[in-house]
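Enquirer: Sharing a structure here in structure tokens format.
Read the figures in this text as sums done on the coordinates, not as results from a lab. What you see is a predicted model; the values in this text were computed from it and never measured. Quick reminder, even Gly has a Cβ in these numbers, built from the backbone with ideal geometry, and neighbours come from all protein chains shown.
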Amino acid sequence: MTRLRHSGLDFSVATLNFLANVGIVLPYVLILFKYQQTHNTNYLAAIVVFYVARAASVFSTKHLNLKASSYLLICLWLGALGSLLFSLTTNLVIVLMGALCLGYTSANIWPYYLTIKLHLSAQTDFKLKKFYWLIFLALGILFGLDFALNWGYRLAFVLLALLFVIALPAGHLLSQFSLAFYTDHNIAQVRPIKPWRVIVFIVFFAAIGLLTLLRKATLQIALPAVLGIIVVAIVLLNLELAADWQAMPANKLRIVNRGFLLSFVLLFNSFFGVFIFGKMGMYLVFAIYLLGFETGRPLYQLLGQHDSQRATIMARGGLILGHLLVVTAQPSLYVIGLLLISLYVGFENPAINTSVYATEIDDPDLAIIHKYRFSTYGGLLCQLCFFGLLVIISRFKQLALLNFFAPTSAALKTTYLMGMVWPLTAISLIISLITLYGQRYFTKAHPQS
């Protein structure tokens, strides 16, 4: 019986590891596929609500005096509820409630899971067993078969709800393991919420919701009005960023740049990749990013002969070269360019995690949340620049906005290359260069980072 209980806990921990790693994208993919399968506008609304909830949740979390382990359990319960709601009905109100639950979970399950892992690593020799990764692979194959064989995504939502429930014992187990950490570290008191920030928050994410809807459906809104919404959203985003600027002692520029690069590769280029590689372009771009993200750190460490400074110089050089290759839009060079950018993100990510956790003295529970908050700022800034350029090029060329997201002609490639790829890549490169040189100032100002 004891052995069976241990095996059950092992499976639960492996399931939690799986959900934490894929939770940010899997629910979104399931809802998107469900919409593509049924063309039910309720699922379209759910996509928009999920997207906005996911983007907004990382800003609205940690307003209760709870430990990271408690927030992780909340994520699991909301994930189970949201998945169950999607599996039961297509009712608009119900699926929107499900989208809110899954949006919150998708935004927060990985940051809180990583926070607890770092807590345990600081206090114990906690490591994930290789067995856990075998279960991770098995679950990934199971969902892959569902997508490939079109078994019906209602089954996938039932399975997802079941996995969240299975992961609950692991959440409780990690919560118990982390108790020793909290005996030595106090949780900082939550700061009072300022009314003006609530208003800015609501207006900003209402604008994000409208812009997200415009990517999915044709709405009769004048393009100058859309451009005005984008400008207002950029101003509000910078107000939020300025208000949060003191929340992290260092690394802010690196993290904002990380978020911008993520959106540049995964969002913008996943759509533009269709113009270069056809229907499989989106999947190819995602595969390139995944390869770069997972191998960036070990590859550059190997090439730099395990000299961190040399590896960093090579990674930064690759980042700059990657931007220059992307603007060529030549398939082979374009792939290498995206891979170099992804390798840089993969190289930087572990160093950022270690640094933000080490410099967060007041409340280590907040370290990773702050990281994802600033990363989200960068990602949203990229999306707003991307959509602003799209509105401008659509206005001057008399094109529908949806032509970029659902290409009707390969001849549009040159139009979007000059009107969107070149300027957005230039913006990304400028932000990266500011980060690479600006980080020197922050390192001097905060030598402990």
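Enquirer: Read phi for every residue in the stretch 27-41 and hand back ³J(HN,Hα) as whole Hz from Karplus 6.51 cos²θ - 1.76 cosθ + 1.60, θ = phi - 60°, with x for Gly and Pro.
Expert: x, 4, 4, 5, 5, 4, 5, 5, 5, 5, 6, 9, 6, 7, 5
Enquirer: While we're looking at this one, here's another question. When the Karplus curve 6.51 cos²θ - 1.76 cosθ + 1.60 is applied with θ = phi - 60°, which whole-Hz ³J(HN,Hα) does each residue of the stretch 395-402 get, with x for Gly and Pro?
Expert: Those phi angles translate into 5, 6, 9, 6, 10, 6, 4, 6 Hz.
Enquirer: Set the Förster distance to 30 Å, then compute FRET efficiency between Leu168 and Thr89 from the Cβ-Cβ distance, nearest 0.05.
Expert: Details: r = 24 Å, r/R0 = 0.79.
Efficiency, rounded to the nearest 0.05: 0.80.
Enquirer: Label-point separation (nm) for Trp77 and Lys413, each offset 7 Å from Cα along Cα-to-Cβ?
Expert: Label-label distance for Trp77 and Lys413, simple model: 5.3 nm.
Enquirer: Tell me, in nm to one decimal, what length is gained between Thr38 and Leu137 on full extension, where the rule is 0.36 nm per residue of separation less the Cα-Cα distance?
Expert: 32.8 nm
Enquirer: Label points 7 Å out from Cα along the Cβ direction at Gln246 and Leu333: separation in nm?
Expert: Simple spin-label model gives 4.8 nm for this pair.
Enquirer: Let me ask something else about it. Relative to the present Cα-Cα distance, how much length would full extension add between Phe396 and Ser70 at 0.36 nm per residue of separation?
Expert: 112.2 nm
Enquirer: Follow-up question, since we're still on this one. Report ³J(HN,Hα) in whole Hz for each residue of the stretch 67-76, in order, from the Karplus equation J = 6.51 cos²θ - 1.76 cosθ + 1.60 where θ = phi - 60°; Gly and Pro get x.
Expert: Couplings: 7, 4, 5, 5, 5, 5, 5, 4, 4, 5 Hz.
Enquirer: Let me ask something else. How big is the gap, in Å, between the Cα center of the stretch 62-110 and the Cα center of the stretch 20-52?
Expert: Centre-to-centre (Cα) distance: 14 Å.
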